[in-house]
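J.: There's a structure below that I have some questions on.
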Amino acid sequence: MKKSDFTFIIPNTSWFEKRYWHNFPYTEGLLASVLKKEGYEVNIIDANINNLSEGQLEQKISEINPTNIGIGAMTLEYKDCVHKSFEIVKKVNPSIKTTLGGIYPTLSPEIATKDTNIDFFVFGEGEERLPKLLNAIETGKGFEDIDGLSFRKDGNLISIPKSGGIINLDSLPFPDYSGFDMNKYMNYQQKFTQNFKFKQLPVGITMTSRGCPFRCTFCSSKELYDSKVRTRSPENVLKEIDMLTDKYGMRELIFVDDSLLLPKERALKIMDGLIERKKKGSDLVWKSNNLAIHNMDEEVLSKMKESGCYQVIVSIESGSKNTLERMKKPVNLDRAMKTLEKIKDVGFEDVSSNFVIGMPGDTWEDIRESFRCVEEMVDKSLLDYVVFHIATPFPRTELYNICRENKYIPSDFSFEDPKYYGFGKGIITTPEFTPPELQNLRAFEWDRINFKTPEKREKISKMLGITLDELEVWRKETRRAVGLNVRSADKNDLK
């Protein structure tokens with residue numbers, strides 16, 4: 001029997017006056033590859049990279065006339081463009097079968113499943129679940145046998161709990177990007193962020209593992225990928241890197257793992273493979289947007305540098321020992337300081353870290369101690385740039401449960417309400433601090449600690465891909481809006 005077709009829609013993230021998010025289509029490419037391998041015809045409607053209007057999206061859907069349409073959604077912040085896309089789909093043809101997967105429905109099913117324009121909801125990893133779902137749609141049976149699936153039957157929502165994830169990640173094919181405009185995806189620079197300012201283009205993205213062994217109270221990773229780390233073999237990772245290099249001319253690679261450096265032996269073998277390719281003429285460089293500082297030693301750092309890593313971004317999270325313990329963050333500050341010294345000794349171009357203030361249980365002195373510790377790291381040139389976030393409760397996190405049980409969040413708090421989105425907003429109120437106090441402190445300490453000297457200002461402007469004049473405007477905007485209207489990347493920031 002001939003398999004049916006499946007069309008991926010990537011919604012335009014700039015709808016509803018939201019910031020544009022240039023999201024590399026790694027997940028969509030991987031699912032497209034899986035479906036093609038199963039014999040399905042796959043189409044792509046990329047409303048994001050092509051900046052399609054609602055009317056243009058409607059026209060594209062009409063032209064393709066698909067049988068099945070699916071969207072892989074990011075976080076709650078972008079749910080409106082997702083739901084609007086499904087509304088347009090059903091307007092074109094109510095008989096099109098619609099499926100929603102990704103972070104948003106997995107973490108917030110009670111919100112996502114309210115939308116009756118969506119027929120099916122896939123929770124967790126989709127590489128095995130989506131083909132099973134399409135087969136069930138074709139045969140009209142077997143829905144109840146698919147874990148991690150919600151669907152409507154006789155007007156009722158049926159939900160089957162998800163159970164585990166894919167054990168052998170090497171069994172998955174490499175992403176198929178043939179339906180995407182990879183020239184646009186791989187040749188861009190995004191301003192005002194060190195994460196997406198690249199040294200050389202074209203740039204690609206991959207994930208070599210899934211899961212995180214730690215249980216930080218503010219993180220929802222364990223709900224997405226489980227706490228057990230599942231890894232791809234070094235050989236498999238290096239083959240994908242070769243594919244991206246040979247097919248798309250990739251010259252920079254971003255690893256988006258939670259646990260890239262685990263286990264150590266595997267990470268070293270991946271780096272050894274990159275070193276061998278350099279000896280044969282490769283000029284590939286790489287970085288990761290979230291490396292665990294407690295997994296770094298002299299051997300790992302040396303291999304990172306030799307294999308082409310030029311920038312180190314870590315998440316120390318706090319300069320207060322008490323706060324780190326409450327976060328359940330496995331960071332020892334004395335050891336972290338020594339590791340930062342080693343990182344600088346190895347000679348990486350720049351080093352930055354993320355920090356969080358305003359955790360439940362923090363005293364005002366804990367928060368001030370954290371800033372003092374971070375300032376010491378910057379003044380000693382162990383960190384070139386630091387970013388401060390205000391603790392934000394996410395769905396299905398221990399942080400949210402603590403806040404709800406202790407009534408630290410507003411009585412009208414809802415994950416559906418956009419007024420509570422963003423790491424610059426204070427939401428939590430405790431006997432020790434209020435949101436306005438945290439917002440003011442965050443904005444002014446970010447400015448004071450980072451930009452003390454002309455040399456530091458010049459260094460950071462280069463890291464963020466902006467001019468010194470743009471930096472000064474940004475600093476002023478941040479101070480005057482206490483971080484609540486800080487410059488976010490939009491399509492005008494892309495080069």
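J.: Does region 5-160 classify as rounded, prolate or oblate by the C-alpha gyration tensor (a ≥ b ≥ c root eigenvalues; a/c under 1.5 gives rounded; else a/b over b/c gives prolate, otherwise oblate)?
T.: rounded
J.: On to the next question. Amide H to amide H, which residues 5 or more places from residue 205 or on other chains are under 5 Å from it, using H placed in the peptide plane?
T.: Excluding prolines and chain starts, which carry no amide H, the hits are 254.
J.: Let me check against my output: what whole-number percent is the relative contact order of region 363-495, with C-alpha pairs under 8 Å and at least 6 apart?
T.: Relative contact order for region 363-495 comes out at 23 percent.
J.: Under a crude label model (7 Å from the Cα following the beta-carbon direction), how far is residue 430 from residue 467 in nanometres?
T.: 4.4 nm
J.: Within straight cross-link reach of residue 184, meaning Cα distance under 17 Å, which lysines are found once same-chain residues fewer than 8 apart are removed?
T.: Residue 184 reaches 197, 199, 247, 491, 495.
J.: Taking the Cβ of residue 218 as the centre, find all other residues whose Cβ is under 12 Å away and add up their charges (Lys, Arg: +1; Asp, Glu: -1).
T.: +4
J.: Only four residue types carry charge here, +1 at the Cβ of Lys and Arg and -1 at the Cβ of Asp and Glu. Report the dipole size of region 18-70 about the Cα centre in Debye, rounded to the nearest 20.
T.: 220 debye
J.: Still on this structure, I have one more. Going by amide H atoms built from the backbone, whose H comes under 5 Å of the H on residue 67, apart from near neighbours?
T.: The list, which skips near neighbours in sequence, is 5.
J.: Report, in debye and to the nearest 20, how large the dipole of the chain comes out about its Cα centre when Lys and Arg carry +1 and Asp and Glu carry -1 on their Cβ.
T.: Dipole of the chain, to the nearest 20 debye: 380 debye.
J.: With 10 angstrom as the radius, rank 377, 74 by how many other C-beta atoms surround their C-beta, starting from the fewest.
T.: By the 10 Å Cβ count, ascending, the order reads 74, 377.
J.: Output needed: Cys residues of the chain lacking any neighbouring Cys C-beta below 4.7 Å, sorted by number.
T.: 81, 212, 309, 373, 403
J.: Another question, if that's okay. What percent do you get for the relative contact order of region 181-493 when only Cα pairs under 8 Å and 6+ apart count?
T.: 17 percent
J.: In debye, nearest 20, what is the charge dipole magnitude of region 5-160 about its Cα centre with +1 on Lys and Arg Cβ and -1 on Asp and Glu Cβ, if you could check?
T.: Charge dipole of region 5-160: 180 debye, to the nearest 20.
J.: Please arrange 352, 163 by how many other C-beta atoms lie within 10 Å of their C-beta, fewest to most.
T.: In order of increasing Cβ crowding within 10 Å: 163, 352.
J.: Out of all DSSP beta bridges in region 5-160, what portion is antiparallel? Express it as a percent rounded to 5.
T.: Once the DSSP bridges in region 5-160 are tallied, antiparallel ones form about 35 percent.
J.: Let me ask you something else. Residue by residue, what Karplus-based ³J(HN,Hα) values in Hz, rounded to whole numbers, does region 310-324 have, using 6.51, -1.76 and 1.60 with θ = phi - 60° and x for Gly and Pro?
T.: Whole-Hz 3J(HN,Hα) from phi for region 310-324: 10, 9, 10, 10, 10, 10, 6, 6, 7, x, 10, 4, 5, 5, 4.
J.: Could you give each residue of region 437-453 its phi-based ³J(HN,Hα) in whole Hz, using Karplus coefficients 6.51, -1.76, 1.60 with θ = phi - 60°, and x for Gly or Pro?
T.: Result, ordered by residue: 4, 5, 5, 5, 4, 4, 5, 7, 6, 3, 5, 5, 6, 7, 10, 6, 10 Hz.
J.: Considering only 120, 300, 86, whose Cα is most displaced toward the positive end of the charge dipole of the chain, charges sitting on Cβ of Lys, Arg (+1) and Asp, Glu (-1)?
T.: Most positive-ward Cα: 300.
J.: Still on this structure, please answer the following. Mind jotting down the distance between the C-alpha centroids of region 3-64 and region 282-359, whole Å?
T.: Using only Cα atoms to place each centre, the spacing works out to 35 Å.
J.: Out of residues 5 or more away from residue 356 or on other chains, whose amide H comes under 5 Å of its own, with H placed 1.01 Å from N in the peptide plane?
T.: 317, 318, 389
J.: Return P(r) of the chain (all Cα-Cα pairs; 10 Å bins starting at 0; whole %; ordered from short to long distances).
T.: 4, 18, 29, 29, 16, 5, 0
J.: Kindly flag which residue pairs out of 84/425; 18/84; 37/90 have an alpha-carbon separation exceeding 19 Å in this structure.
T.: In this structure, 84/425; 37/90 lie more than 19 Å apart at Cα.
J.: Taking every DSSP beta bridge that has both residues in region 181-493, what percent is antiparallel when rounded to the nearest 5?
T.: The antiparallel fraction comes to roughly 10 percent.
J.: Mind checking region 190-240 for GluC sites (Glu not before Pro) that DSSP puts in a loop (not H, G, I, E or B) and that have at most 14 other Cβ atoms within 10 Å?
T.: Hits after loop and neighbour filter: nothing returned.
J.: Taking the Cβ of residue 363 as the centre, find all other residues whose Cβ is under 15 Å away and add up their charges (Lys, Arg: +1; Asp, Glu: -1).
T.: Counting the neighbours of residue 363, the net charge comes to -3.
J.: Report ³J(HN,Hα) in whole Hz for each residue of region 55-72, in order, from the Karplus equation J = 6.51 cos²θ - 1.76 cosθ + 1.60 where θ = phi - 60°; Gly and Pro get x.
T.: Once θ is set to phi - 60°, the couplings for region 55-72 become x, 5, 5, 4, 5, 4, 5, 4, 5, 6, 6, x, 8, 10, 10, x, 10, x Hz.
J.: Quick one: net charge around residue 338, please, counting Lys, Arg +1 and Asp, Glu -1 for every other residue with C-beta under 14 Å from its C-beta.
T.: In short, -2.
J.: Identify, among 203, 435, 358, the residue whose Cα sits farthest towards the positive end of the charge dipole of the chain, taking +1 on the Cβ of Lys and Arg and -1 on the Cβ of Asp and Glu, with the dipole about the Cα centre.
T.: Ranked along the dipole, the leading option is 203.
J.: Then there is this: For region 313-405, what is the relative contact order in percent, using Cα pairs closer than 8 Å and at least 6 residues apart in sequence?
T.: Relative contact order here is 35 percent.
J.: Anything over 18 Å Cα to Cα? Flag those among 222/328; 287/452; 264/305; 344/380; 380/456; 279/305, in the order listed.
T.: Over 18 Å apart, Cα to Cα: 287/452.
Here, each number is a calculation from the coordinates, and none is a lab measurement. Because the structure is a prediction, the values reported are computed rather than measured. Note that we place each Cβ from the backbone using ideal geometry, even for glycine, and neighbour counts take in every protein chain shown.
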